[in-house]
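So the structure is just underneath, and the comments pick up after that.
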Amino acid sequence: KEMWLENKIVVSPAGIKRELGRINRDYAGAQQHDAHEVTMLILDKLHEDLNLVHKKPYTMNPEGDGTNDEEISKEAWEKHLLRENSIIQKLIGGLVRNEINCQICKKKVIQFDYQQTVQLAIPKSQTRTVYILYVTLSEPILLSLTI
């Protein structure tokens with residue numbers, strides 16, 4: 001409220017940028033980074049500091065055949081928590097179902113993998129031509145507009 005109304009406090013991101021550069025050398029210097037990269041770096045560092053697991057056992061990601069997704073997803077989450085157990089991971093992440101189909105033997109394998117973000121493809125813009133018939137008293141004019 002104070003930032004927008006009364007005191008007009010201005011916050012400079014230079015201090016945050018400097019700290020990010022100290023934590024990760026990729027962020028040192030004047031290079032520009034997108035918001036997703038910065039957010040993921042901060043979340044990763046918070047997770048590392050808050051992770052309750054200090055000795056990480058080796059685990060195998062369980063596989064299913066599509067008939068037992070609930071069982072496999074629960075087992076995958078339990079195994080994930082054996083290695084990565086922080087409030088950050090629990091609040092922000094989740095499991096994504098991956099399906100692999102072998103074209104040769106036709107075997108189907110289902111796995112659940114931990115993800116903090118889901119990247120979605122933004123479709124290429126499609127252009128189309130719109131024709132506008134502008135009618136005046138003297139003569140009609142046909143306009144074409146590509147959008």
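The values are calculated or read from the model by the stated rules, or taken from the named source; none is laboratory data. Remember, it's a predicted structure, so these values are computed and weren't measured experimentally. As a convention, Cβ positions derive from the backbone with ideal geometry for all residues, glycine included, and neighbour counts pool all protein chains shown. When the accessible area is computed, the model is the full protein with side chains, heavy atoms only, and any ligands, DNA or RNA have been set aside. Shrake-Rupley method; radii C 1.70, N 1.55, O 1.52, S 1.80 Å.
In table form, for the structure just shown:
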read-out	value
Charged-residue dipole, Cβ positions (Lys, Arg, Asp, Glu), the chain about Cα centre, Debye nearest 20	300 debye
Accessible-area ranking of 84, 71, largest first, probe 1.4 Å	71, 84
Estimated 222 nm signal from helices in the chain, with DSSP H stretches of n ≥ 4 weighted -39500 (n - 2.57), rounded to 500	-10000 deg cm²/dmol
Karplus-derived 3J(HN,Hα), 6.51/-1.76/1.60, for each residue of the stretch 28-41, Hz, glycine and proline x	6, x, 9, 5, 8, 10, 7, 4, 5, 4, 5, 4, 5, 4
Relative contact order (%) - criterion: Cα under 8 Å, at least six apart; region: the chain	15 percent
Shape metrics for the stretch 13-115, restricted to C-alpha atoms - Rg then Dmax, Å	18.1, 56
Value of D in µm² per second that Stokes-Einstein yields for the stretch 88-142, Kirkwood Rh from Cα pairs, at 4 °C (1.567 mPa s)	76 µm²/s
Gaussian network model of the chain, Cα within-10 Å springs - most flexible of 100, 16, 132	132
Gaussian network model of the chain, springs between alpha carbon atoms under 10 Å - residue of 78, 48, 19 with greatest fluctuation	19
Contour minus Cα-Cα distance for residue 36 and residue 53 (0.36 nm per residue)	3.5 nm
Zone of residue 118's modelled label, taken as backbone nitrogen in the stretch 72-96 under 18 Å from a point 7 Å along Cα→Cβ	73-74, 77, 89-96
Most fluctuating residue given options 81, 41, 133, as computed from a GNM of the chain linking Cα atoms under 10 Å	133
